[in-house]
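Working notes, structure below.
Quick note: the coordinates plus some simple rules give every number you see, no bench work behind them. Keep in mind the model is a prediction, meaning the values are calculated, not measured. Backbone-built Cβ (ideal geometry, glycine too); neighbour counts: all protein chains shown.
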Amino acid sequence: MVKASRDFVCIRPTTYESAEEAKVLESFFSGRSGQLENTVFVMLAPDGKTKLARSGRSPQHIFGDAERLAEFMGEMAQRYSGAAGAKAEGLVLPELADLRLALNVAACDGRPLVVARASDAETAAALERRLAELAWSDDLAGRLLFVMADEGDDLATLIGREADHGVWVLQPDAFGRHGKVLAQASADAEVEALQATLKKALAKFQPME
C-alpha cells in the first residue's frame, strides 16, 4: 500500500471540523440519512472531480482488502501516468489548518504531531521548507502530522514546551485536547538536527489502541 500510494496525491480532509471541506466530501458521498458521514473515502482522477471507483465510508467498503486496493491503484497510476520523467517543483508541507484542529486529527489518526512556530515570517517560511523536505523523505513520509502554529495558537496545550518558538513533536492525548512533548528543537535548526528530533520522537511515540 505504501508503494502504491506514492503515485497518488493523498489528502486527509476533515468532515465536521470544516464546513468548506464537509461540503466537498458530501458531494462525493453521503450515508443512508442523506447527510455527511464522519468518514468518507473516494479516489479521484487528476481533474479532482471524476470518481475512479464508487465512494463509501472506507477503502474496505469498496475494495474488500488492501491487496485489491493496491492492485487498483496500480492500474489507475498507469492510466494517468502523466509526462515521462515529470517531477514536481518545490515540496509543500502537508500541514493542518491550526493547532486545535491538528491536535484533534493527530489523536484520531494515532500519529505524532509536529508543531512549529517562529518569531517572524521569514524564519517561519525557511523552517517550513526544511520540514517539508523531511515530511516527504522516504523514511518519514506518512508517519507524522504537521502544523505551523502562529501567535494566535495557545501553546499552553503543549506539555513540556521549553520555549515560545521552535519545533515540538507531540504525543496527543486521547481526546486531542493537549499533547506531551516527546522531542523539541529550535526554530533555526538545520535539516539534520530536525531529522534527528523527529526520529527521536517517533522512537518514543506510543500509539493509543
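General observations
- Gaussian network model of the chain, springs between alpha carbon atoms under 10 Å - residue of 56, 90, 166 with greatest fluctuation: 90
- Ellipticity estimate at 222 nm from DSSP helix runs (n ≥ 4, -39,500 (n - 2.57)) divided over the chain, nearest 500: -10500 deg cm²/dmol
- Extension reserve of the residue 32-residue 206 stretch, reckoned as 0.36 nm per residue once the Cα distance is removed: 59.0 nm
- Axis angle, to the nearest 10 degrees, between helix 99-109 and the longest C-alpha principal axis of the chain: 50 degrees.
- Bridging of residue 200 to lysines at a Cα separation below 29 Å is possible for 3, 180, once same-chain residues fewer than 8 apart are set aside.
- When the charge dipole of the chain is built from unit charges on Cβ atoms (+1 for Lys and Arg, -1 for Asp and Glu) and taken about the Cα centre, the candidate among 40, 92, 124 whose Cα reaches farthest toward its positive end is 40.
- Cα-based Rg and Dmax for the range 142-185, where Dmax is the largest Cα-Cα distance (Å): 10.2, 27
- Residues of the range 1-15 with amide N under 13 Å of the 7 Å Cα→Cβ point at residue 109: 10-15
- Each label point was placed 7 Å from the Cα along the Cα-to-Cβ direction; for residue 47 and residue 122 their separation is 4.5 nm.
- Cα gyration tensor category, rounded, prolate or oblate, for the range 111-209 with a/c compared to 1.5: oblate
- GNM top mover of 44, 134, 145 - the chain, alpha-carbon springs below 10 Å: 44
- Shape call, the range 15-97: gyration tensor on alpha carbons, a/c limit 1.5: oblate
- Here's the picture: charge each Lys and Arg Cβ at +1 and each Asp and Glu Cβ at -1 in the chain, and of 81, 197, 136 the one pushed furthest to the positive end of that dipole is 81.
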